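Structure, as structure tokens:
The values are calculated or read from the model by the stated rules, or taken from the named source; none is laboratory data. These numbers come from a predicted model, not from an experiment. Here the Cβ is made from the backbone with ideal geometry for all residues, glycine too, and neighbour counts use every protein chain on show.
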Amino acid sequence: MVTLLADGGGGGSLDWSLVSAVNGLATSLPQALDSALAFLGEYGVPLGSVLLLLAAWARARRGKGAPVAVAGVLWAGLAAGMALLLNLPVRAMVQRPRPFVSHPGQLDLLMSHQANGSFASDHATFTMALAVGLLLVDRRLGLVGIALAFFEGFLRVFMGVHYPSDVLGGFALGTATVLLLAPVAMAVLTPFTHALTRTALRPLVTAPKAVRSRAARTGNPAETAPEEPPHDLAA
């Protein structure tokens, strides 16, 4: 299939200039720090996003409107997976070589990587989809997720495995997947979580009353009631 995006526009393109400059920072850092940042970019930040999703679920199930909030958290996770699936045909159509493939020997590749399609970044797509999904449910955790997604995007360029436009494309795909499909998803997931409250799986949706009462005594409003976005999302 015809390549729609080549090597970032050649050696003089802005895309290549940015990845070259950001990746060049690695030469001035200790090797141990480079390795640590590469590990974070490949595994650590995505895992942190997943842990953030679990924290949002734990908070959501403590509120009075827990089924709606939990449905929103569930959609954040499902949307991230769906965005990754949607990226498969995008990569197949674009067929963009990674920067270390188009510019062999000109980058400090911090971790061995497959020479598969570069656009769009799976890591950027996944972390941003989770972050935007959480933002609709829990503003505080959502903002933390956004920060993690931007850090992940920087690390993918720093590692020499993506162009900045690959990262921006992933951010756009992840955001669009969450927001465009949210009304339909919530219309399905909200009745589903409500139904779970009438089964043995109720603890997955709403915390036991003793836990909610203890949260109420702490005076933490985030634990005693869900934030407004889930109700708007369901509408």
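Run down R96, R91 and say which single residue is part of a loop (DSSP other than H, G, I, E, B), more than 26 Å from F192 (Cβ to Cβ) and out of contact with any Cys (no Cβ under 8 Å at 6 or more places or on another chain). Give the derivation first.
Details: R91 fails: part of a loop (DSSP other than H, G, I, E, B).
Checking each option against the conditions leaves just R96.
For L47, indicate whether it is touching a Phe, Trp or Tyr at 6+ places or on another chain (Cβ under 6 Å) and within 30 Å of L29 (Cβ to Cβ).
Values: touching a Phe, Trp or Tyr at 6+ places or on another chain (Cβ under 6 Å): no; within 30 Å of L29 (Cβ to Cβ): yes.
The answer is no for L47.
Taking segment 99-126 as the search range and keeping residues that are of a type in the set (A, V, I, L, M) and part of a helix (DSSP H, G or I), which one is nearest to S20 (Cα to Cα)? Before the answer, list the steps.
Keep residues of segment 99-126 that are of a type in the set (A, V, I, L, M), which gives 101, 107, 109-111, 115, 120, 124.
Checking which are part of a helix (DSSP H, G or I) leaves us with 101, 124.
Working: V101: 13, A124: 19 Å.
Looking at the filtered set, the residue picked out is V101.
Quick one: F154 ticks every box in (1) over 11 Å from the mean Cα position of the chain (by Cα); (2) of a type in the set (A, V, I, L, M, F, W, C); (3) surrounded by fewer than 20 Cβ atoms within 10 Å (Cβ to Cβ); (4) over 22 Å from W16 (Cβ atoms) bar one, so which box is it?
(4)
Within segment 41-61, can one find any residue that is modelled with pLDDT under 90, surrounded by 15 or more Cβ atoms within 10 Å (Cβ to Cβ) and assigned to a loop (DSSP other than H, G, I, E, B)? Walk me through it before giving the result.
First, the residues of segment 41-61 that are modelled with pLDDT under 90: none.
Within segment 41-61, none of the residues are modelled with pLDDT under 90, surrounded by 15 or more Cβ atoms within 10 Å (Cβ to Cβ) and assigned to a loop (DSSP other than H, G, I, E, B).
Filter segment 99-136 down to the residues that are at pLDDT 95 or above and β-branched (V, I, T), then identify the one that is farthest from L47 (Cα to Cα).
Looking at the filtered set, the residue picked out is V132.
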